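A.B. asks: Can you keep this structure in mind? I'll have questions shortly.
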Amino acid sequence: MTELSDTQLLELAAAQNAGGDWAAAESSYRRLLATRPRDPSVLRELGVLAIRGGLSLLSNVGLPELAAFTRAGYVRLAALRAGLRARRQASPLVDADRFTRGIEAAYRAIWRDFCGREAAR
C-alpha cells in the first residue's frame, strides 16, 4: 500500500466519515493522530466519531433519548443518573429471592416437560 501524506490521509478520512464508513475513518484519523498528536482538527474529528458511535449504539438499542447535545440534555441525564441506583435496587435484577423463585419455576417447568416426553415414549 502506498503511504499517504497527511493531507491525503485527512481527505481520505473525511471521505470515509462522510460516506458513513466510521470504522475506516477512525482508523485513518488515528493514523493521523500518530503523526500529529496535538492537531485540534484531528482530535475534533475523533470526538465527532465517538459521538456518532455512541448515538448509533443508543439508537440501535432503542434508547436514542439518552443522547444529550445541550446543557439541558446533560442536566436531564444527570437527574436520571441520580435515580438510577434506587431504580436498579428495586428491579428484579438484584432481587435475589425473586430471581431464585423465577429460576426454580423455570427448572420445574423444564423438568415437567421432560418427564411428560419420557412418559409418552
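A.B. asks: Going through the stretch 1-20 one residue at a time, which ones are part of a helix (DSSP H, G or I), closer than 14 Å to ALA34 by Cβ and either acidic (Asp, Glu) or within 27 Å of the chain's Cα centre (by Cα) (or both)? Walk me through it before giving the result.
C.D. replies: Looking only at the stretch 1-20, we keep the residues that are part of a helix (DSSP H, G or I), and these are 6-18.
Those left that are additionally closer than 14 Å to ALA34 by Cβ: 6, 9-10, 13.
Residues satisfying the conditions are ASP6, LEU10, ALA13.
A.B. asks: LEU93 is checked against (1) hydrophobic (A, V, I, L, M, F, W, C); (2) assigned to a helix (DSSP H, G or I); (3) out of contact with any Phe, Trp or Tyr (no Cβ under 9 Å at 6 or more places or on another chain) and fails just one. What number does that condition carry?
C.D. replies: Of the numbered conditions (1) hydrophobic (A, V, I, L, M, F, W, C); (2) assigned to a helix (DSSP H, G or I); (3) out of contact with any Phe, Trp or Tyr (no Cβ under 9 Å at 6 or more places or on another chain), the odd one out for LEU93 is (3).
A.B. asks: Please find, among ALA23, ALA50, the residue that is exposed (fewer than 13 other Cβ atoms within 10 Å of the Cβ), part of a helix (DSSP H, G or I) and modelled with pLDDT under 75.
C.D. replies: Values: ALA23 fails: modelled with pLDDT under 75.
Result of the check over ALA23, ALA50: ALA50.
The values are calculated or read from the model by the stated rules, or taken from the named source; none is laboratory data. Remember, predicted model here, so these are calculated numbers, not experimental data. Reconstructed Cβ throughout: ideal geometry from the backbone, glycine too, with neighbour counts over all protein chains shown.
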